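Here the structure is laid out as structure tokens; the discussion comes afterwards.
The values are calculated or read from the model by the stated rules, or taken from the named source; none is laboratory data. Keep in mind that this is a model prediction, so the values were computed, not measured. Cβ: placed from backbone, ideal geometry, glycine included. Neighbour counts: every protein chain shown.
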Amino acid sequence: MWPHTSSSTISGWLGPDRVRCISEPDVTVTLAPVARPGEEVVMAALVSSGRLPMAVAGDSGDGQVDSFPVLRRGESVTLRGYTITVIGDNDDTHTVTITLNL
């Protein structure tokens, strides 16, 4: 799972059913691998007022995505007031919690 802060990652190459837009202050999402065909959610997008969306996506398979590290189970990162924690990793899907820090 990787956190990313560029809108280029979601500009047209994923269908709308593969991206979950997050507006809740505390949510759990399971992400499938980005390269897997189908309709599973592979990216969560957090939109904050007046800023580019922040994307959270499944592992691309090489441990890096655009120089952002892939997080493993139990690891977390805080970006733009959100803490993203990987709570499940079965080597295929990643389950993450996304929490707004108030």
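Worth pointing out:
- Unmet requirement for S23, which otherwise passes all of (1) modelled with pLDDT of 80 or more; (2) over 12 Å from I98 (Cα atoms); (3) loosely packed, with under 11 Cβ neighbours inside 10 Å: (2)
- Each residue in segment 51-74 was checked for being modelled with pLDDT of 60 or more and surrounded by fewer than 11 Cβ atoms within 10 Å (Cβ to Cβ), and 1 of them qualify.
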